[in-house]
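Here is the structure we will look at, set down as structure tokens.
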Amino acid sequence: MQDLHDISHGELLAALEELGQPKFRAKQIEEWLWEKGATSFDEMSNLPKTLRAALAERFSLGGMEQLARQESEDGSRKYLLKLADGAAIECVGMPTGARLAVCASTQAGCGMGCAFCATGAAGLTRSLTASEIYGQVMHVRDDFGSRVTSVVLMGQGEPFANYDATLGALRRLNSPDGLGIGARHLTVSTCGIIPQILRFAKEPEQFTLAVSLHSAVQRTRNLLMPGVKRWSLLNLYEAMGTYVDLTGRRPTYEYALIRGINDTDEELASLVDFCRGTLAHVNIIQLNEVPGSKFQPSSEARAGEFVRRLGQVGVEATVRVSRGADIDAACGQLRQRMERKRG
Ligand code: SAH
Ligand code: SF4
């Protein structure tokens, strides 16, 4: 059965016409779907009972079942959600004062195969639909019972390997008919799929872009991120130049420090060269240890050294301190990636 969230406004109007219903019902139904987050047709109390029944015969409401929820001492909550076909995904809510940041997934698993990433190790199950991405944010909102002020697509999956659904979800999150979150507070994180970075640069909304760099040395980056080795660092550098020219916005580079791999003096010098003179923010991340992985995090002192050296050449950089460590048992990465949008 088709999920009512996945049909267009035009298709909804056509379905209503077939059912002999006036056009204004579409607006009412869309409010239930996107603003109120109804999980059953019975909740749609301003629709006639007969219409509710007719809709229930034709459409499902998708819906996600919460398989697990862990709450950290610092207030962040991590959710394991089961989708209609049984695929499971994770998302996180992180409150700070009156703000609530959500980290959501764009795919179940990921096919990019980054060597340090727990999601990458398991491979891709499937891409999510726009409403499944949006639905995670609604789930967190409802669990906290408060407004979501920012969203980062840094959960499982590569957003730019699922471009249309990602943009669809972002637009809905941004829309006043959806959650009404400002575009600048909606962030996509990509491992660096160049054609999609260029496409994203041309989108009319002011969404924020983060790029996982992790090394500015080609052979190291190839080793760490084999899924994007068909694009060279020079390609990436040029694409980011175009992105900045077109948008005027500052992208973030994510750089998880891995002891002996990308934290050496040579690596630091290359990173400085890559960023010098460009508009960028570098986020130095402590590697989140993945069980069974050979990679170890660097020291805090080394992270501080990276930030200092970047700062010396005028590149804005920060170390992201992780929260929610106590709930991170099996999650390869979710918690750390959320920190930046909290700042
Ligand atoms: N696929 C996208 C978004 C999801 S991954 C991307 O790669 O950007 C979100 C972030 O978590 C990326 O910066 C990724 O490199 C990082 N990450 C993955 N595994 C990690 C780990 N073990 N420790 C720290 N960060 C990690
Ligand atoms: Fe996929 Fe991102 Fe993990 Fe790489 S870091 S495997 S792109 S989720």
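Odds and ends about this structure:
- With 32 Å as the limit on Cα-Cα distance, the pairs of Lys23/Lys82; Lys23/Lys202; Lys27/Lys82; Lys36/Lys78; Lys82/Lys202; Lys36/Lys82 that go past it are Lys23/Lys82; Lys23/Lys202; Lys82/Lys202.
- Radius, Kirkwood style, for region 200-298 when every pair of distinct Cα atoms is counted (Å): 14.4
- Peptides 243-255, 15-27 ordered by average Cβ neighbours within 10 Å, highest first: 243-255, 15-27
- Footprinting exposure proxy for Leu213, Leu279 (fewest neighbouring C-beta atoms within 10 Å first): Leu279, Leu213
- Rg in Å to one decimal, and Dmax rounded to a whole Å, for region 60-112 via C-alpha atoms: 12.7, 37
- Percent of Cα-Cα distances greater than 27 Å, calculated over region 1-159: 32
- Those trypsin sites (Lys or Arg not before Pro) in region 105-204 that DSSP places in a loop and that have at most 15 other beta carbons within 10 Å: Arg147, Lys202
- Think of each Lys and Arg Cβ as +1 and each Asp and Glu Cβ as -1; about the Cα centre, that makes the dipole of region 214-320 roughly 200 debye.
- An ellipsoid equivalent to the chain, defined through the eigenvalues of its Cα gyration tensor, has semi-axes of 38, 21, 17 Å when rounded to whole angstrom and sorted largest first.
- Within the listed set Glu158, Glu203, Glu71, the Gaussian network model of the chain (springs between alpha-carbon atoms below 10 Å) gives the highest mean-square fluctuation for Glu203.
- The label point for Glu30 and the one for Ala53, both projected 7 Å from the Cα toward the Cβ, are 2.8 nm apart.
- Among residues other than Met44 with Cβ under 13 Å from its Cβ, the summed charge is 0 (Lys and Arg +1, Asp and Glu -1).
- Potential extension, Thr96-Ser60 segment - 0.36 nm per residue separation minus Cα distance: 9.5 nm
- Average silhouette area of region 2-60, convex hull of alpha-carbon atoms, in square nanometres: 3.5
Bear in mind that the values in this text are calculations on the coordinates, not laboratory data. In this text, all values refer to a predicted model and were calculated from it rather than measured experimentally. Cβ coordinates were reconstructed from backbone atoms using ideal geometry, including for glycine residues, and neighbour counts include every protein chain displayed.
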